[in-house]
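Step one of this worksheet: look at the structure below.
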Amino acid sequence: MTQYSIDHADLALVLALVRGGTLARAAELLRVDVSTVFRSLRRLEQVLGSPLFEKSRAGYLPNAAARLLAQQAELAEKALEAARLGLEQGHEAVSGTLRLTCTDAVLHGLLLPALARFMPGYPALELELTTSNDFANLSRRDADVALRLTTSPPGHLVGRCLGPVPYVLCAAETYLARVGERDPASLAWIGPDDFLPNHPSLVWRRQRYPEAQPAYRCSSMLSVAQLMRAGLGVAALPAFLVRGEAGLRVLEDDLPGCSSALWLLTRPDCRALRSVTSLFEELTRHIHLAGDGARSD
């Protein structure tokens, strides 16, 4: 490949073709005509000394070089947007990439609704979301922030408690209509499997209904909730997963000894990062727990 100084127009051209997939769609994105896109691409490939796209029936397929240029173009696009926001808002826009980990139940029940409310205001901030049931990924530095249900967060992490998380025993109305009004001990139970051996719901069930044995075991509390919704049995679940949901009935509320708490945690070396502090403030403001309690650092 010859030495050539790539400019912003070149990056915009490649990004438009990668996103659009056809000359016509790229022309729409760039607000030029199709012949201009075609000539610009031919010129760029000639000066680079190698092709960037393969033409097929499906359109223009980018090769590795084109994908690399498109990636750099997206970074430039985000940098320009961050600069624009900084000028509009009178301060440096929050930018960068943060890796956040939580369980799938917390992700679907609490985090996604919160992100939908505030993330549009942070176009230069990029979140990488992973689901896991432990804290090891923060210790290994695979993640920067964790949102966890726990009553005893690890001492090597810092953060704040967003409030208590009560548990409820519930079942689908369709299931209860099918089996009739019975003692919960005689119903089909759904619970976590050996991946969560000390889960609060297991500890509570063994004490409250020692004779009850689960008919279904799942590797995550989100799966437990989905089986319960499908009418397969009863389950003890965090209230935020089922609160206000039509078609479900709470059989026992605020299960004693089964409550947990939601903690927002990070490593000490990340706590002062502007992106982390901004995320902490927004999640504290926008995550709503059933029976919210006091929040403290």
A careful count of residues in the stretch 188-206 that are hydrophobic (A, V, I, L, M, F, W, C) and at pLDDT below 95 gives 5
For the stretch 34-50, give me each residue that is surrounded by 13 or more Cβ atoms within 10 Å (Cβ to Cβ) and out of contact with any strand residue (DSSP E or B) (no Cβ under 9 Å at 6 or more places or on another chain). V34, T36, V37, F38, S40, L44, V47, L48
Pick from the stretch 203-242 the residues that are over 24 Å from the mean Cα position of the chain (by Cα) and either without any contact (Cβ under 8 Å) to a residue 24 or more places away in the chain or not assigned by TED's automatic domain parsing to the domain that holds A172 (or both): which of them is surrounded by the fewest Cβ atoms within 10 Å (Cβ to Cβ)? P210
Of the residues in the stretch 123-155 that are touching a helix residue (DSSP H, G or I) at 6+ places or on another chain (Cβ under 7 Å), assigned to a loop (DSSP other than H, G, I, E, B) and not aliphatic (A, V, I, L, M), the one that is modelled with the lowest pLDDT is P123
Being crowded, with 18+ Cβ neighbours inside 10 Å, within 16 Å of the chain's Cα centre (by Cα), modelled with pLDDT of 75 or more and not acidic (D, E) narrows it down to one residue among C161, C102, C170; which is it? C102
Can you tell me how many residues in the stretch 63-99 are hydrophobic (A, V, I, L, M, F, W, C), surrounded by fewer than 18 Cβ atoms within 10 Å (Cβ to Cβ) and at pLDDT below 90? 6
In this structure, is A58 in contact (Cβ under 8 Å) with a residue 12 or more places away in the chain, out of contact with any helix residue (DSSP H, G or I) (no Cβ under 9 Å at 6 or more places or on another chain), outside the structural domain of A124 (by TED's automatic domain parsing) and surrounded by fewer than 16 Cβ atoms within 10 Å (Cβ to Cβ)? yes
Could you please let me know if L110 is in contact (Cβ under 8 Å) with a residue 40 or more places away in the chain, within 15 Å of W263 (Cα to Cα) and crowded, with 16+ Cβ neighbours inside 10 Å? yes
Applying the selection to the stretch 238-259, what residues are over 18 Å from T174 (Cα atoms) and either out of contact with any His (no Cβ under 9 Å at 6 or more places or on another chain) or of a type in the set (A, V, I, L, M) (or both)? P238, A239, L241, D253, D254, L255, P256, G257, C258, S259
Subset of the stretch 260-292 (residues that are surrounded by fewer than 18 Cβ atoms within 10 Å (Cβ to Cβ) and either under 23 Å from D183 (Cα atoms) or among the basic types (K, R) (or both)): R271, R274, R285
So, in the stretch 107-116, how many residues would count as being hydrophobic (A, V, I, L, M, F, W, C) and over 9 Å from the mean Cα position of the chain (by Cα)? 3
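The values are calculated or read from the model by the stated rules, or taken from the named source; none is laboratory data. Note that the structure is a prediction, hence the values are computed from the model and not measured. Every residue, glycine among them, receives a Cβ derived from its backbone with ideal geometry; neighbour counts consider all protein chains shown.
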